[in-house]
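Only one structure is covered here, and it is reproduced in the block below.
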Amino acid sequence: MARPTSIVNPSFLRNASLWPLADCNAINAGDTAWMLISTALVLLMTPGLAFFYGGLVHRNSVLSIIMQCFFSMGLTSIIWVIVGFGLAFGESSAGIIGNPASFPVLANMDLCTPAGYPMSTGLRVPALLFAGYQMMFAVICPALITGAFADRVLFPAYLVFVSFWMILVYCPFVHWCWNPEGFLYRWGVRDFAGGIVIHISAGFAALASIYVVGSRKYD
């Protein structure tokens, strides 16, 4: 795919990505509406997961597990906006990781900027919407892990874990599979439903956390 020839280059982004030109004619209203609905539906999955996990733990831990899921939504969103989106969909370094300076705080995006290189190909939705849609999956992924160590992790430790896991595990996985320049994407791997990026990464993280935290202690 040919890169855009025009560069929007503010002073604080001298070496940032090549940005698509803002062009409202490149945005399709139907595609945008469907993506907005899909984004809202994915957002509802995390509160639903919180109450689902709350029904599986001891009654004394219901509030704790719900708080973990809801705080994960806020913390993950902040990380995604600041550096996560750039690490996942920024300009690639050997197909391993994106450049966080590509999209710092989602800079240079507006409602008329189409989602183009290096985020994806052939999309006719605003880049901001694409970033928000991907953020919903980033939000639910750490929440999926919480069920593995319910009742056994202190809340501050959980927040530290989520922060490092998002940057060191989730964002690279997204880059490998969903960024057109990721090495797995170039090898022909296609993850249409998140089975690799979300479920495999969260599943193995949950398994690893069990070995680290250990089993529950009953009196």
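Derivation of every value follows stated rules applied to the coordinates shown; laboratory data play no part. The model shown is predicted, which means the values in this text are computed figures rather than measured ones. All Cβ positions, glycine included, derive from the backbone under ideal geometry; neighbour counts span all protein chains shown.
Using the Karplus equation 6.51 cos²θ - 1.76 cosθ + 1.60 (θ = phi - 60°), what ³J(HN,Hα) coupling, rounded to whole Hz, does each residue of the stretch 172-179 give in order, writing x for Gly and Pro?
Listing the rounded values in order: x, 4, 4, 4, 5, 9, 10, 7 Hz.
For the stretch 117-219, what is the charge dipole size about the Cα centre, in debye to the nearest 20, if Lys and Arg each add +1 at the Cβ and Asp and Glu each add -1 at the Cβ?
80 debye
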